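Asks: One structure, as structure tokens, below. Some questions next.
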Amino acid sequence: MSINCTNRDALEDFLRANLKESRYRHSMGVEEMAVRLARLHGADEEKAAFAGRYHDIAKNFDTETMDSYVRKYGLPEKLIGNNALAHSKVGAEILEHEFGVADKEILDSVRYHTTARMDMTLLDEVIFVADVVEDNRTYSDLDYYQDLAYRDLDQACLEILEYTIGSLTSKGMEIDKDTLEARDWVVNKIKETENGK
């Protein structure tokens, strides 16, 4: 199965033209890690590779460019001026409307790779976690989180969400509703799995 995309060469050119070198390296790292996690946990490796490679396609837009895409695609007003939150939503719209990517699972995994969400698909979890644990990351607990991701994707997801919520709270920043709902959803999913054993 190959991913439906109107022009893969043009998509690749767009990615290279719009990402800083370090961000491009990160994207290749997420692609690699996403395939690794997909293989371990039974997700579609081709979709994981594609979503991982292009998840940050809008990450390095300046605020003016990002805001123009937010308006162009009628995305929520709260994304105006908030590149950190907007880039994943804008990225999914660009993949769908400008490069003809029609696969909902891929688009959603890109759309929610920053915030996560309740009822995540396996691919959503793979991309969300791969983004944090790819090999180019430099934080001190990387080995721990990679090992956890290989063993237990749900638990890795939960610990990353808990860290994110704690970090945003300590900085007095607003936490996206999707992130809070994702945390509660993963907690329940883990409980159900444990009760089912």
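What follows draws every value from the coordinates through simple rules; no lab data is involved. In this text the structure is predicted, and so the values were computed from the model without any measurement. A quick note on method: Cβ atoms are made from the backbone with ideal geometry, for glycine too, and the neighbour counts reach across all protein chains shown.
Asks: For the range 187-197, which positions are of a type outside the set (A, V, I, L, M), closer than 30 Å to Glu32 by Cβ and loosely packed, with under 15 Cβ neighbours inside 10 Å?
Replies: Within the range 187-197, the subset of a type outside the set (A, V, I, L, M) is 188-189, 191-197.
Adding the requirement that they be closer than 30 Å to Glu32 by Cβ leaves 189, 193.
Scanning the range 187-197 gives a single hit, Thr193.
Asks: Do we find a residue being surrounded by fewer than 16 Cβ atoms within 10 Å (Cβ to Cβ) and β-branched (Val, Ile, Thr) anywhere in the range 142-164?
Replies: no
Asks: Considering only the range 148-169, state which residues are free of Cβ contacts under 8 Å to residues at least 24 places away in the same chain and under 18 Å from Leu85 (Cα atoms).
Replies: In the first step, residues of the range 148-169 are kept if they are free of Cβ contacts under 8 Å to residues at least 24 places away in the same chain; the result is 148, 151-152, 159, 162-169.
Within the range 148-169, Glu162, Tyr163, Thr164, Ile165, Gly166, Ser167, Leu168, Thr169 meet the criteria.
Asks: I would also like to ask the following. Which condition number does Arg39 fail, the rest of (1) closer than 18 Å to Glu105 by Cβ; (2) loosely packed, with under 14 Cβ neighbours inside 10 Å; (3) touching a residue at least 60 places away in the same chain (Cβ under 8 Å) being met?
Replies: Among (1) closer than 18 Å to Glu105 by Cβ; (2) loosely packed, with under 14 Cβ neighbours inside 10 Å; (3) touching a residue at least 60 places away in the same chain (Cβ under 8 Å), the lone unmet condition for Arg39 is (3).
Asks: Same structure, new question: So which helices (runs of 4 or more DSSP H) stay within the range 81-195 end to end and still have 1 or more residues that are closer than 30 Å to Glu64 by Cβ? Reasoning before the result, please.
Replies: Values: elements: 83-99, 104-111, 122-133, 142-151, 153-170.
Of the helices (runs of 4 or more DSSP H) lying wholly inside the range 81-195, those with at least 1 residues that are closer than 30 Å to Glu64 by Cβ span 83-99, 104-111, 122-133, 153-170.
Asks: Okay, moving on. From the list Asp124, Asp119, Asp184, Asp176, pick out the single residue that is surrounded by 14 or more Cβ atoms within 10 Å (Cβ to Cβ), out of contact with any Gly (no Cβ under 7 Å at 6 or more places or on another chain), of a type outside the set (Val, Ile, Thr) and touching a residue at least 24 places away in the same chain (Cβ under 8 Å). Lay out the reasoning, then the answer.
Replies: On the way: Asp124 fails: touching a residue at least 24 places away in the same chain (Cβ under 8 Å); Asp119 fails: surrounded by 14 or more Cβ atoms within 10 Å (Cβ to Cβ); Asp184 fails: surrounded by 14 or more Cβ atoms within 10 Å (Cβ to Cβ).
That would be Asp176, the only listed residue that is surrounded by 14 or more Cβ atoms within 10 Å (Cβ to Cβ), out of contact with any Gly (no Cβ under 7 Å at 6 or more places or on another chain), of a type outside the set (Val, Ile, Thr) and touching a residue at least 24 places away in the same chain (Cβ under 8 Å).
Asks: Tell me, yes or no, whether the range 43-58 has at least one residue that is farther than 17 Å from Lys20 by Cβ, in contact (Cβ under 8 Å) with a residue 24 or more places away in the chain and of a type in the set (Phe, Trp, Tyr). I'd like the intermediate steps shown before the answer.
Replies: Of the range 43-58, the ones farther than 17 Å from Lys20 by Cβ are 43-52.
Among the residues that remain, those that are also in contact (Cβ under 8 Å) with a residue 24 or more places away in the chain are: 43-44, 46-48, 50-52.
Checking the rest, the ones that are also of a type in the set (Phe, Trp, Tyr) come to 50.
Yes: one or more hits.
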